[in-house]
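Below: one structure, written as structure tokens.
The values are calculated or read from the model by the stated rules, or taken from the named source; none is laboratory data. Just so it is clear, the model here is predicted, and its values are computed rather than measured. Cβ placement follows ideal geometry from the backbone for every residue including glycine, while neighbour counts extend to all protein chains displayed. SASA here: full protein model, heavy atoms, side chains in, ligands and nucleic acids out. Shrake-Rupley method; radii C 1.70, N 1.55, O 1.52, S 1.80 Å.
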Amino acid sequence: VSQSRYIAGTWVLSEASRSDGFGWQYFRSALEEGVFDFYRNGDAEYDDGYSLMRGTWRIRTVAGGYYDQYGNYHDRVHDIWEVNVRDPYNRTSIDMFFDEIVVYNDRIIATHYDGYYIQRYIFRRI
């Protein structure tokens, strides 16, 4: 069952961390200052008070390998998440791709492996 229907709403990035396999380290992603709006039709917005970026989001179910929110590797069917928003006036954009997404009632936990670090983003519903 896809998690898409649970994601509609307003979210903020509450935590970004990364692991090289030896524990998690927090980092600033530059997205903490803004607010994401995800709509049921797949539209997305990000507003940080300086620019309003608009675009799309989507969740797809795929088969393959990924790291979960605990840093464990799995090779099975799972959901991936893409968010692409841009502001054509100041030519800024945010393009996020996550290898796994888990949607809870009040938070989203998404991970991405970049070849060295497992990055984990936790979004909180507001």
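Restricting to the stretch 69-92, name every residue that is under 19 Å from residue 14 (Cβ atoms) and under 13 Å from the mean Cα position of the chain (by Cα).
69, 81, 83, 85
Among the numbered conditions (1) in contact with a strand residue (DSSP E or B) (Cβ under 6 Å, 6 or more places away or on another chain); (2) of a type in the set (Lys, Arg); (3) surrounded by fewer than 17 Cβ atoms within 10 Å (Cβ to Cβ), tell me where residue 18 comes up short.
Only one criterion is unmet by residue 18, namely (3).
Which condition from (1) without any contact (Cβ under 8 Å) to a residue 24 or more places away in the chain; (2) open to solvent by less than 30 Å² (accessible area, probe 1.4 Å); (3) of a type outside the set (Val, Ile, Thr) is the one that residue 51 breaks?
That leaves (1) as the condition not met.
Which residue, of 89, 73, is modelled with pLDDT under 95 and open to solvent by 60 Å² or more (accessible area, probe 1.4 Å)?
89
I'd like the residue in the stretch 84-126 that is among the charged types (D, E, K, R) and not in a loop (DSSP other than H, G, I, E, B) and, out of all such residues, is nearest to residue 43 (Cα to Cα).
This residue is 86.
Could you look through the stretch 24-38, keep only residues that are without any contact (Cβ under 8 Å) to a residue 60 or more places away in the chain and in contact with a Gly (Cβ under 9 Å, 6 or more places away or on another chain), and pick out the one that is surrounded by the fewest Cβ atoms within 10 Å (Cβ to Cβ)?
33
Return only the number of the condition from (1) within 14 Å of the chain's Cα centre (by Cα); (2) closer than 20 Å to residue 99 by Cβ; (3) aliphatic (A, V, I, L, M) that residue 30 does not satisfy.
Condition not satisfied by residue 30: (2).
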